[in-house]
Amino acid sequence: MKYIFTMAAAAFLLWGCANEMEVAPQAAENPQSVADTTNFNNPMHAARSAGTKVMMQAFYWDVPGSGTWWNTISGKVPSWASAGIDAIWLPPATKGQSGGYSMGYDPFDYFDFGNYNQMGSTETRFGSLAEIQSLITTAHNNDLSVIADIVVNHCSGGASQANPYTGSNTYTNFQPASGLFARSYNDFHPNNVHASDAGTFGGFPDLCHDKTWVQDWLYNNSNSIAKYYKNTMGFDGWRFDMVKGFEPWVVKNFKNAVGGFTVGEYWDGNAATLETWANSAEASAFDFACYYKMRDALANNDLTQLNGDMLLKRNAYRAVTFVANHDTDEIYTNKILAYAYILTHEGYPCIFYRDYEEWLDKNKLNNLIWIHNNKAFGNTTYLFADNDEYVARRNGAPGIIVYINNSNSWQERWVDTNWASTTIKDYTGSSTWEPVTQGDTWVKVQAPPHGYTIWSPK
């Protein structure tokens, strides 16, 4: 979750008062009756491989507005698929309080994908319903999974209503134009169940997941968010925003209702805490422990940090590794070395759009993606680390030796491999050496200054 709403937060009170939504009475009284159940995507097509190759975060904060983003991403999907990407993570795709300006993290109507005129716009910031449908179809045609960003900790943009639980008016009257998942003060905190849950965000109405009405609309109803997004829209998986704000069983129940790759944003650098949440939610988690270790390793010229505790080392199956995202981008120097780390180690790596498309060398990233998908298998043995050198071995077939060098000069090191009397090469092309491993599997390898090499049998 971005520390967001610079404009939206300032406008929250005025907007809520000024927008007593004019909704057809029958929509409010029978919200399930107005669902568009057109299933333009066959849900059976959704058995894809998200979690096995590399995910692309297909947005950044304040992407260009004017409803062009879905088409922009559609145009990039074929090349991403060719590069070895197996999933794209989209921003929250439905109408937020700030309408055409919204990045989606101020959710108002969970079923308005750019087809209802409300909150000052018909299209979302990213485009129209037809355009996101086209994007999902294009992704599926290229065998890419599409990951929906799910924001269910809080809502934004409700009208004012008298609230008996607070003794004052609260902005908790949600009558979305879609007619789906209307909400009132009963569905937020405080209420007759409890005063609060695990966490709130920014003073926005905090959704109560213990309410049957809320559970029905999140995952139980036939046209709940989970089932509508899966069966009607064609989403394949789920990224849950700010999961510290509610209990892990919410994510577990949502995932169990529809399946699909699931990852939570539990923003915490403690690997044990991440593991506990992932086990409880039965979902993956973004590996903030890995992120902070890489940040500190490169900022402080101390690559021993890469031997520290991370989720990927506790449970690689649950770890989604990353170098930057729309919320945090603190690895400034030699960022490509961090990508060399996550794309050669265990876990499911996620690449940040701007790093791939704008800021870093795309050829180098494509090379790392290829190595990840074709060579970097098996568990990891950590061979050496000091201030500016780091060496590790992946023990699968064929496996790799990764050598990261953050010093100012070429470095060489003898390392123990899994290959006896075998010619190996550097698959990054940085080194022209093609050494032969000794009968006892040892070999000398090298790495360039502020660079890396990745070795495997020729």
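The values are calculated or read from the model by the stated rules, or taken from the named source; none is laboratory data. Bear in mind the structure is a predicted one, so any value in this text is a computation, not a measurement. Here the Cβ positions follow ideal geometry from the backbone for every residue, glycine too, while neighbour counts run over all protein chains shown. Quick note on the areas: whole protein, heavy atoms, side chains included, nothing else; ligands and nucleic acids left out. Shrake-Rupley method; radii C 1.70, N 1.55, O 1.52, S 1.80 Å.
Could you go through the range 377-386 and let me know if any residue there is among the acidic types (Asp, Glu), under 19 Å from Thr333 (Cβ atoms) and in contact (Cβ under 8 Å) with a residue 24 or more places away in the chain.
Yes, the range 377-386 contains at least one residue that is among the acidic types (Asp, Glu), under 19 Å from Thr333 (Cβ atoms) and in contact (Cβ under 8 Å) with a residue 24 or more places away in the chain.
Working carefully through the options Ile404, Ile369, Ile336, find the one that is at pLDDT 95 or above and either among the acidic types (Asp, Glu) or under 19 Å from Ala316 (Cα atoms) (or both).
Answer to the selection: Ile369.
So which residues in the range 124-162 are assigned to a strand (DSSP E or B) and either out of contact with any strand residue (DSSP E or B) (no Cβ under 7 Å at 6 or more places or on another chain) or surrounded by 20 or more Cβ atoms within 10 Å (Cβ to Cβ) (or both)? Spell out the reasoning first.
First, the residues of the range 124-162 that are assigned to a strand (DSSP E or B): 145-150, 154, 159-162.
Ser145, Val146, Ile147, Ala148, Asp149, Ile150, His154 - these are the residues of the range 124-162 that are assigned to a strand (DSSP E or B) and either out of contact with any strand residue (DSSP E or B) (no Cβ under 7 Å at 6 or more places or on another chain) or surrounded by 20 or more Cβ atoms within 10 Å (Cβ to Cβ) (or both).
Please return the ranges of helices (runs of 4 or more DSSP H) entirely within the range 203-306 where 3 or more residues are under 30 Å from Asn334 (Cα atoms), open to solvent by 10 Å² or more (accessible area, probe 1.4 Å) and modelled with pLDDT of 95 or more.
271-281, 288-299
Select from the range 109-123 the residues that are open to solvent by less than 30 Å² (accessible area, probe 1.4 Å) and farther than 17 Å from Gln175 by Cβ and write down the one among them that is nearest to the chain's Cα centre (by Cα).
First, the residues of the range 109-123 that are open to solvent by less than 30 Å² (accessible area, probe 1.4 Å): 109-114, 118-119, 121.
Restricting the remaining residues to those that are farther than 17 Å from Gln175 by Cβ gives 113-114, 121.
Numbers: Phe113: 19, Gly114: 22, Ser121: 26 Å.
Restricting to residues being open to solvent by less than 30 Å² (accessible area, probe 1.4 Å) and farther than 17 Å from Gln175 by Cβ, the top hit is Phe113.
Being in contact (Cβ under 8 Å) with a residue 40 or more places away in the chain, surrounded by fewer than 18 Cβ atoms within 10 Å (Cβ to Cβ) and within 20 Å of the chain's Cα centre (by Cα) is the requirement here; does Asn366 meet it?
yes
Out of (1) open to solvent by 40 Å² or more (accessible area, probe 1.4 Å); (2) outside any loop (DSSP other than H, G, I, E, B); (3) within 30 Å of Phe322 (Cα to Cα), the odd one out for Ala198 is which?
(2)
Assuming Ile454 fulfils every condition listed in (1) buried (at least 19 other Cβ atoms within 10 Å of the Cβ); (2) part of a loop (DSSP other than H, G, I, E, B); (3) touching a residue at least 60 places away in the same chain (Cβ under 8 Å); (4) of a type outside the set (D, E, K, R) apart from one, which condition is it?
(2)
Taking the conditions exactly as written (hydrophobic (A, V, I, L, M, F, W, C), free of Cβ contacts under 8 Å to residues at least 60 places away in the same chain and within 21 Å of Lys293 (Cα to Cα)), does Val391 satisfy them or not?
So Val391 passes the test.
Counting only residues that are in a loop (DSSP other than H, G, I, E, B) and in contact (Cβ under 8 Å) with a residue 12 or more places away in the chain, how many does the range 163-189 have?
The number of residues fulfilling the criteria is 13.
Within 29 Å of Ala195 (Cα to Cα), touching a Leu at 6+ places or on another chain (Cβ under 8 Å) and buried (at least 24 other Cβ atoms within 10 Å of the Cβ) - does that describe any residue in the range 321-330?
The answer is no, given that none of the residues of the range 321-330 is within 29 Å of Ala195 (Cα to Cα), touching a Leu at 6+ places or on another chain (Cβ under 8 Å) and buried (at least 24 other Cβ atoms within 10 Å of the Cβ).
Hey, among Val258, Val250, which residue is touching a Leu at 6+ places or on another chain (Cβ under 9 Å), farther than 20 Å from Ala324 by Cβ and β-branched (Val, Ile, Thr)? Working first, answer last.
Details: Val258 fails: touching a Leu at 6+ places or on another chain (Cβ under 9 Å).
Result: Val250 is the single residue among Val258, Val250 that is touching a Leu at 6+ places or on another chain (Cβ under 9 Å), farther than 20 Å from Ala324 by Cβ and β-branched (Val, Ile, Thr).
In the set Ile351, Ile369, which member is β-branched (Val, Ile, Thr) and assigned to a helix (DSSP H, G or I)?
Ile369
Which condition breaks for Phe377 when tested against (1) under 30 Å from Tyr317 (Cα atoms); (2) buried (at least 17 other Cβ atoms within 10 Å of the Cβ)?
If we test Phe377 against (1) under 30 Å from Tyr317 (Cα atoms); (2) buried (at least 17 other Cβ atoms within 10 Å of the Cβ), just (2) comes out false.
Any chance you could count how many residues in the range 343-397 are among the small types (Gly, Ala, Ser) and under 27 Å from Trp410 (Cβ atoms)?
3
Applying the selection to the range 214-252, what residues are without any contact (Cβ under 8 Å) to a residue 40 or more places away in the chain and out of contact with any helix residue (DSSP H, G or I) (no Cβ under 9 Å at 6 or more places or on another chain)?
Within the range 214-252, Asp216 is the sole residue that qualifies.
Would you confirm, using the coordinates I've provided, whether Ala397 is modelled with pLDDT of 95 or more, among the hydrophobic types (A, V, I, L, M, F, W, C), out of contact with any strand residue (DSSP E or B) (no Cβ under 9 Å at 6 or more places or on another chain) and within 27 Å of Thr441 (Cβ to Cβ)?
Values: modelled with pLDDT of 95 or more: yes; among the hydrophobic types (A, V, I, L, M, F, W, C): yes; out of contact with any strand residue (DSSP E or B) (no Cβ under 9 Å at 6 or more places or on another chain): yes; within 27 Å of Thr441 (Cβ to Cβ): yes.
It is true that Ala397 is modelled with pLDDT of 95 or more, among the hydrophobic types (A, V, I, L, M, F, W, C), out of contact with any strand residue (DSSP E or B) (no Cβ under 9 Å at 6 or more places or on another chain) and within 27 Å of Thr441 (Cβ to Cβ).
If we keep just the residues of the range 380-403 that are in contact with a Ser or Thr (Cβ under 8 Å, 6 or more places away or on another chain) and assigned to a loop (DSSP other than H, G, I, E, B), which is most open to solvent (accessible area, probe 1.4 Å)?
By that ranking, first place goes to Asn387.
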